[in-house]
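The values are calculated or read from the model by the stated rules, or taken from the named source; none is laboratory data. Since this is a predicted model, take the numbers as computed values, not measurements. Methodologically, a virtual Cβ is constructed for each residue, glycine included, from the backbone with ideal geometry; neighbour enumeration extends over all protein chains shown. Side chains are part of the model used for accessible areas, which takes the heavy atoms of the whole protein and leaves out ligands, DNA and RNA. Shrake-Rupley method; radii C 1.70, N 1.55, O 1.52, S 1.80 Å.
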Amino acid sequence: MLQLTQIRENKEKVIEGLNKRSIKDAESWVDKIITLDDTRKSTQTQLDGTLAESNKISKEIGQLMREGKKEEADKVKQKTTDLKASAKELSEQLSQIESELETLLYQAPNIPHESVVHGNSDEDNIEIEREGVAPTLKGNPLPHWDLIKKYDIIDFELGTKITGAGFPVYKGKGARLVRAMINFFLDEAEKAGYHEVQPPILVNKESGMGTGQLPDKDGQMYHMPEDDLYVIPTAEVPITNMYRDMILNADQLPIKNVGYTPCFRREAGSWGAHVRGLNRLHQFDKVEIVQIAHPDESYKLLEEMIDHVSSLLRKLELPFRKLRLCGGDLGFAAALTIDFEVYSAAQKKWLEVSSVSNFETFQANRLKLRIKEDKNSVLLHTLNGSALAIPRVLASILENNQTEEGIKIPEVLVPYTGFDWIK
């Protein structure tokens with residue numbers, strides 16, 4: 001959530017940032033925020049003055065009563081009655097103004113980092129690096145949705161029978177390969193200094209608000225109204241919320257956590273050939289890395305996280321590229337995001353497998369996550385990244401490593417799978 005001081009003191013920068021995201025009427029929205037805040041302040045001042053006057057008169061009444069001047073005291077009592085009525089009305093007005101102001105602030109996205117360019121969609125993202133060479137496949141290479149049928153390792157029809165579309169069943173070597181990838185990603189994160197946690201996959205509304213999924217993605221999250229709990233779209237939500245309402249010490253930073261969870265996304269309206277097979281699912285597995293950092297260190301740590309994801313893809317021998325997201329494609333809470341895409345040789349397209357983001361103080365302000373510094377409370381920075389999401393990485397491994405003999409398992413995964421071929 002943006003800070004009111006940030007909006008008031010850097011109005012033009014905030015408007016410029018919102019324009020990068022192609023937010024309509026950004027200037028009028030900022031003006032409305034400032035006007036509401038001015039009204040809140042003046043109403044609070046009126047309320048404080050009214051309450052102070054009421055308290056003063058109450059003391060006068062007490063003094064008059066002690067002096068035996070009951071008639072004079074009764075005359076003054078009417079003033080306190082009027083002041084109390086006025087205070088009640090002002091208090092109700094203030095509550096309404098604060099609620100409206102809070103709603104507007106919760107609906108506002110983060111301000112992009114200065115390196116983020118203006119753009120309307122993923123077509124405006126900037127490619128910053130490419131690594132690896134796409135394999136040349138012999139014959140007529142099959143896309144993964146045909147390979148999984150050929151080798152009977154993933155069953156979409158069975159998942160549809162059990163639950164619905166977008167909930168596949170992994171079988172045999174397919175299930176073992178998924179488990180191998182999860183363990184490999186967790187082990188690599190541990191080597192990089194991350195502390196493993198296994199968080200709940202159900203969160204309350206406060207947690208969704210804390211990391212910015214709510215209210216922005218309310219319709220995209222599975223919700224259980226009876227318990228008012230949400231199924232997580234990513235481990236980012238519970239792991240980051242572990243530090244909600246906390247004041248940390250400098251010697252605790254940076255905090256580095258990693259967690260594996262299944263993830264759930266409704267993905268309403270996401271249908272068509274471009275989301276076939278593993279390309280887009282309602283349930284999928286992901287290993288997430290999360291950091292809590294001092295503001296002076298966060299962008300250095302972001303680079304370390306980017307390097308970590310790069311190292312995973314190198315070890316899996318997958319060609320990949322890195323993209324800096326434009327304003328229009330940037331996530332609601334992110335200040336800067338670097339996307340990783342791997343090349344799928346059979347589909348002949350790039351598939352997103354990771355987003356690594358710095359949220360700066362946006363989430364921390366919602367979470368009230370701070371550090372004490374020179375007797376002042378300073379908001380910390382939060383960062384996270386997929387390291388990695390399983391489905392599209394799996395799709396690329398299957399497609400890029402297919403041969404006439406079968407599918408060759410990347411060497412780094414063989415100790416985890418216990419086999420080196422799917423035949």
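In nm², what is the average projected area of the convex hull enclosing the Cα atoms of region 304-423?
Taking a quarter of the hull surface, the average projection is 9.9 nm².
Considering the options S42, G159, I15, tell which one lies farthest towards the positive end of the dipole of the chain, charges being +1 on Lys and Arg and -1 on Asp and Glu at the Cβ, about the Cα centre.
The one lying farthest along the dipole's positive direction is G159.
Of the residues N384, N19, N204, which exhibits the maximal mean-square fluctuation in a Gaussian network model of the chain defined by a 10 Å Cα contact cut-off?
N204
Among K256/K368; K161/K286; K138/K286; K150/K408; K300/K375, which pairs are too far apart, with a Cα-Cα distance over 22 Å? Don't skip to the answer; put the middle values down first.
On the way: K256/K368 19 Å; K161/K286 24 Å; K138/K286 31 Å; K150/K408 15 Å; K300/K375 26 Å.
Those over the limit are K161/K286; K138/K286; K300/K375.
With charges only on Cβ, +1 for K and R and -1 for D and E, what is the dipole size of region 228-307 about its Cα centre, in debye, rounded to 20?
540 debye
Charges at C-beta only: +1 for Lys and Arg, -1 for Asp and Glu. How large is the resulting dipole of region 364-414 about its Cα centre, in Debye rounded to 20? Don't jump to the answer; show the numbers that get you there.
Numbers: 7 positive and 6 negative charges, 148 e Å.
Here the size comes out at about 700 debye.
What lysines sit close enough to K75 to cross-link, taking a C-alpha to C-alpha distance under 18 Å and skipping anything fewer than 8 places away on the same chain?
Reachable lysines: K56, K59, K84.
Out of region 120-183, which GluC sites (Glu not before Pro) are coil in DSSP terms and have no more than 13 other C-beta atoms within 10 Å?
Qualifying residues, ordered by number: none.
Per DSSP helix of 4 or more residues, -39500 (n - 2.57); summed, then divided by the residues of the chain. What does that give at 222 nm, rounded to the nearest 500?
The helix contribution divided over the chain gives -14000 deg cm²/dmol.
Could you point to the residue in L383, S396, P415 farthest towards the positive end of region 366-423's charge dipole, with +1 and -1 charges on the Cβ of Lys/Arg and Asp/Glu respectively?
The Cα lying farthest towards the positive end belongs to L383.
Calculate the dipole size of region 296-423 relative to its Cα centre from +1 charges on Lys and Arg beta carbons and -1 charges on Asp and Glu beta carbons; express the result in debye to the nearest 20.
Dipole of region 296-423, to the nearest 20 debye: 340 debye.
Which residue, N120, A108, N55, has the largest displacement toward the positive end of the dipole of region 53-199 when charges sit on each Cβ (Lys, Arg +1; Asp, Glu -1)?
N55
Mind checking which of G119, G193, G212 has the largest fluctuation in a GNM of the chain, springs on alpha carbons under 10 Å?
Its mean-square fluctuation being the largest, the pick is G193.
Which shape class, rounded, prolate or oblate, goes with region 157-208 when its Cα gyration tensor gives a ≥ b ≥ c as root eigenvalues, a/c under 1.5 marks rounded, and past that a/b bigger than b/c marks prolate?
Cα axes put region 157-208 in the oblate bin.
Please arrange V197, V237, V133 by accessible surface area, largest first, computed with a 1.4 Å probe and ligands excluded.
Order by accessible area, largest first: V133, V197, V237.
Report, in listed order, any pair from K171/K348; K205/K315; K173/K205; K173/K349; K171/K217 with a Cα-Cα distance greater than 30 Å.
K205/K315; K173/K205; K171/K217
Just in region 200-304: which trypsin sites (Lys or Arg not before Pro) are loop by DSSP and have at most 10 other Cβ atoms within 10 Å?
Sites meeting the loop and neighbour criteria: none at all.
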